[in-house]
Amino acid sequence: MSAAWPGDSATVENWVRAVLRHSASVDEIAVQGLDGVRVTADLDGLDLRELTVDATRADLRITPNRDAAPGARPGDAVQPDELAREVGIARTVRFTALPMRIQKTPVTIDIRVEDLPLAWITYAEPTEPGLPESRYALARDDERDGLRGTFRFAIAADDIGPLATMVMRPLLREGRVRLGRVRIAVDGAGDDIRISASAGLRWKLLFASARAEATVSVTHDGVVTVKALTLGSHNPAVKVALLFARRHVREVVGRTFDAGEMFNDEGSGIRLHDIRVGTGHELSVAGRFS
């Protein structure tokens, strides 16, 4: 790509596509089907009028990455010198999948970000081996405020268990562990959400099954409180093991987890608002952030 960054709309689109292709086979997980994702950008100087990543009708398949280098970690690479940094703003950035398929299961995702402060960064050399485009970066400019957006995730309730089964089964198979069917049920109970899950595992001649039930509440600003948690099994050996887990279970009950913290690992200051969880024939999570 050209040494000028960001260049034009086509340059940005090609950069996003290259980053997506590279991310498809990093670490132990490989994602196939990202070639079905469409990218469009509308660049005006250093500002993005719009950047859309549309995964609608994309068919993603998650498998173990047999080509992953053992022991390699993205954080192990030395960051090259920064040669240039230009700032701009993205009026609208959107990731949409209405729906996409993950392991043949329809999943709806719609994330919209507005007024995102941008930093266009050029490094002395690529930051990722084998990815020339990684000499350039598009990052949030943390020195400026103004970010706001909305999100929604949804999946049919009957598809949650099969999706978990299809994602986990090939990964566990790498360790010669056979996973039976995973059953997951989510339903509303007043202001609370009740989650039930069960699964069976076989390793060599050993078979074990377990079940778990949890009741949680979610506030409008994304704080999750675990109100109840129980574990059980029909397998005598697993029952004994669960006895030793009781103290840890008791420690979890009553604990709160702030879902907004996932955005604040680097002090971004992003907060969640108006979180809504829907249950019934569809499990959905929607809200705003700023």
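Please treat every number below as a calculation from the coordinates, not as lab data. In this text, all values refer to a predicted model and were calculated from it rather than measured experimentally. In this analysis, Cβ positions are derived from the backbone assuming ideal geometry, glycine residues included, and neighbour counts consider all displayed protein chains.
According to the Kirkwood relation over distinct C-alpha pairs, the hydrodynamic radius of segment 217-290 is 14.8 Å.
Computed over the Cα atoms of segment 9-146, what is the convex hull's projected area averaged over all directions, in nm²?
Values: hull surface 36.0 nm².
For segment 9-146, the mean projected area of the Cα convex hull comes to 9.0 nm².
Using all pairs of distinct alpha-carbon atoms, the Kirkwood hydrodynamic radius of segment 66-200 works out to 19.3 angstrom.
For a paramagnetic label modelled at 7 Å from the Cα of Asp44 toward its Cβ, which residues of segment 78-106 fall within the zone defined by backbone nitrogen distances under 20 Å? Under cut-off, by backbone N: 86-95.
Computed from the C-beta positions of His234 and Ser25 and an R0 of 41 Å, the FRET efficiency is 0.55 to the nearest 0.05. Tell me, what does the Kirkwood hydrodynamic radius of segment 133-264 come to in angstroms if you use every pair of distinct C-alpha atoms? Over segment 133-264, the inverse of the mean reciprocal pair distance is 18.2 Å.
Rounded to the nearest 20, the size of the Cβ-charge dipole of the chain about its Cα centre is 2160 debye, with Lys and Arg at +1 and Asp and Glu at -1.
Throw me the Rg/Rh for segment 152-210, computed over C-alpha atoms with Kirkwood Rh, two decimals. Working shown, then result.
On the way: Rg = 13.8 Å, Rh = 12.8 Å.
Radius of gyration relative to Kirkwood radius: 1.08.
Spatial offset of segment 216-252 relative to segment 13-66 amounts to 37 Å, using the alpha carbon center of each. Considering only Cα atoms, the convex hull volume of segment 19-60 works out to 72 Å³ per residue. Take every pair of alpha-carbon atoms less than 8 Å apart whose residues are at least six positions apart; their mean separation over the length of the chain yields a relative contact order of 12 percent. The translational diffusion coefficient of the chain, from Stokes-Einstein at 37 °C and 0.692 mPa s with a Kirkwood hydrodynamic radius over alpha carbon pairs, comes to 150 µm²/s.
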